[in-house]
Every structure is written in C-alpha cells, then in structure tokens.
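First comes the structure, then the notes that go with it.
Every read-out reported here was derived from the displayed coordinates using simple, explicitly stated rules and does not represent laboratory data. Predicted, not measured: the structure shown is a model, and the values here were computed from it. A quick note on method: Cβ atoms are made from the backbone with ideal geometry, for glycine too, and the neighbour counts reach across all protein chains shown.
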Amino acid sequence: MKNGPSQSTQLPTLLAAVVGALDAVDDHVVVLDEQGRILHVNVAWQRFALDNGWEDPNWIGMDYVAASTVAGAGEQDDPISAGIRSVLDGERDTFAVEYDCHAPDELRWFRLRVRTLEVPGIGAVVTHTDITTRRLSERALERLATRDELTGLANRASVQGSVTHMLEEAREVGVVVVSMEDVTDPGMTLPDEVVARAAALLSELFPSPAVTGRYGQHQLVVAIAGLRADQLEEAREIVDVTMDTGMNAVVNLRTTVAAQIVGAEAADAAVLDGLVAQGRSDAAPDAQG
C-alpha cells in the first residue's frame, strides 16, 4: 500500500497556493513578522507602491511600522502606526481604520485592517481595501442632503443649521437676503438659468466661511458670523450693485436686497424666515430691463 504525500512534500505546494491566493485579490496585503518587518507583499501592494513613487523595491525585511509613520511624527503619535504596533504587541487582535491617500489627479480612500495570525513567526496580516467608490457615493449623498441641486449652494435646512450653530456660539450674524421676481407677474416661476446665474454671482462675492444658500424658490441668502453693522451695509450695497449689473440682461426681473444683523439672543435660525419675508416687502425694488 502506497503512502500519500508526506506533510513535508505538501508544504511547498500549499505555500505556493497561499501566495497565489494573496496575489489574486485586489486588496493590498502585507504579511509582517512579530517585530513588524515585511515578510511578504502581494502583487496588488507591489503594483500600488511602484505606481506611487516607492523607489526601493527591496521591501522584504523593511520595518513596515516605521515606514507607515507620518513624516515628523513619532510612532505613538501616529494613530495608524500605533494601531499596527498594538496588534503586534498582543494588546488587541484586530485594528481597523479608514484613511485618505489622495493622488494629485484623483481622490482615494482605503480601509486598513490589521489581524493577528496564529502562525509561528507571523506577527500580523495587514490589508488595505480600496473604499473610494463608497466614499464618493457618501459624499454625493451628503451633497444632495445639504446642497440645492440647481445652484449648488447650501439648501434651506443647511443654511438654518449653519446659522443656528453661529448663534449657539453667541456670535452676531450678518444676513443678506436677495429676492427676485418678474415685475409683470410676481407669482411666475423664474427660469432656472436666472436663479442659477444670481446664485453664481453671490457665491463669487462671498466665499467660505460665509454661508451662501438658496432659501426659497427665488430667495438667496448670505450669512456671515461676526459682521459689524457697517460691514453688513457695505455687503448689502455690493450685492445690490452686483445684481443690478450682473442680471440687467434679464427682462422684467426685479431684485430686492435686504440686510440685518441677527443677535446672539435669537432663539434659532427660524428668524431667517421673517427676514426673507421682510426682504421681499421692505427693500427698495430695483427694476431691470
């Protein structure tokens, strides 16, 4: 009776299968010894390293923890390096974190996961999983939730949230309201391109940290924390002139610009509702066309 293959003859085949399996996955995989030195990296990891400027291909034996530490930071001060070390030292079985690794021409995010492996001489297995698609989807959903689709400005809820936060910090908030309507039919819906053009002019005038948003169908709002009354009046005048010159080609369009300081004593951003309504009725109309 013939004996089956011995364990010693099976090991090379098994090892080759394991290496082949690691090379077949898209995740970037690194196998570390108990001190954190690199024992093996899969093809995906090698390709990413070479494509992103890793000049020395002799990574076997390299101190992976030191190489992962942010330049200028100590190992304990870098959360990723400290997390990897905590697994190697037996303080935990796993460590996971998401991090960004952006290139000049693309956004990239990865999920790093470190796990112990109960194999003599092996300290941990590190995997880097590309989660860019998920992160971009999350950002798109967040934008839909906080941004007006037509103008790209903050939507009503987002403006209210931002102003509420400003007020909670006991800061006065300068608010400029731009209202638009057709002089021949005030109830008529304005073309999308008219609203979008006005929004573009406003966002150019007031970059972040000012909050610029679409508060109603034909109402745009700018909120700036810590603005003095004289500064607010200057802002109102600038908006007035900009809307007059930038929108003068739109026939029968009337814009009104109002401004007010909202004090820290205001309960919340609901006060904006009154300001927007007041802006429509109290500000001097500026007929164009």
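With a 10 Å Cβ neighbour count serving as the proxy for reagent exposure, in which order, fewest first, do ILE238, ILE38, ILE60 appear?
Working: ILE238 14, ILE38 19, ILE60 10.
So the residues, fewest neighbours to most, are ILE60, ILE238, ILE38.
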Exercise. When the Cα centres of region 29-50 and region 137-200 are compared, how far apart do they sit, in Å?
Worked result: 49 Å
Exercise. For region 148-287, what is the convex hull volume of the alpha-carbon atoms per residue, in Å³?
Worked result: 94 Å³
Problem set entry | ASP56 paired with GLU34, simple spin-label distance in nm, labels 7 Å along Cα-to-beta-carbon | 2.5 nm
Problem set entry | Options [x] 12; [y] 20; [z] 46 - which one matches percent of Cα pairs over 37 Å apart as calculated here | [z]
Exercise. Taking the alpha carbon gyration tensor of region 100-211, what are the square roots of 5 times its eigenvalues, largest first, to the nearest whole Å?
Worked result: 46, 19, 12
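Can you tally the net charge around PHE110? Count Lys and Arg as +1, Asp and Glu as -1, for every other residue whose Cβ sits under 12 Å from the Cβ of PHE110. Show your work: numbers first, answer last.
Details: positive: ARG108, ARG111, ARG113, ARG134, ARG135; negative: ASP26, ASP27, GLU98, ASP100, ASP130.
Neighbourhood net charge equals 0.
Please go through region 33-107 and write out the chymotrypsin sites (Phe, Trp or Tyr not before Pro) that DSSP classes as loop and that have at most 16 other C-beta atoms within 10 Å. Numbers along the way, then the final one.
Details: sites: TRP45, PHE48, TRP54, TRP59, TYR64, PHE95, TYR99; in loops: TRP54, TRP59.
Answer in residue order: TRP54.
Given a Förster distance of 30 angstrom, what is the FRET efficiency for ILE238 paired with THR189, based on the Cβ-Cβ distance and rounded to 0.05?
Working: r = 28 Å, r/R0 = 0.92.
So the FRET efficiency works out to roughly 0.60.
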Problem set entry | Potential lengthening between GLN46 and VAL251 on full extension [0.36 nm per residue; Cα-Cα distance subtracted] | 67.6 nm
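Expected output is a single nm value to one decimal: the length gained when fully extending between ASP93 and ASP63, i.e. 0.36 nm times separation in residues minus the C-alpha distance. What is it? Could you put the intermediate results ahead of the total?
Working: separation 30, 0.36 × 30 = 10.80 nm, distance 2.01 nm.
Using 0.36 nm per residue and subtracting the Cα-Cα distance, I get 8.8 nm.
Within the set of other residues whose C-beta is less than 9 Å from the C-beta of THR127, count the net charge using Lys and Arg as +1 and Asp and Glu as -1. Present the calculation step by step, with values, prior to reporting the outcome.
Details: positive: ARG111, ARG113, ARG115; negative: ASP27.
Charge balance in the 9 Å sphere: +2.
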Problem set entry | Normalised contact order of region 148-287, rounded percent, pairs of Cα under 8 Å and 6 or more residues apart | 37 percent
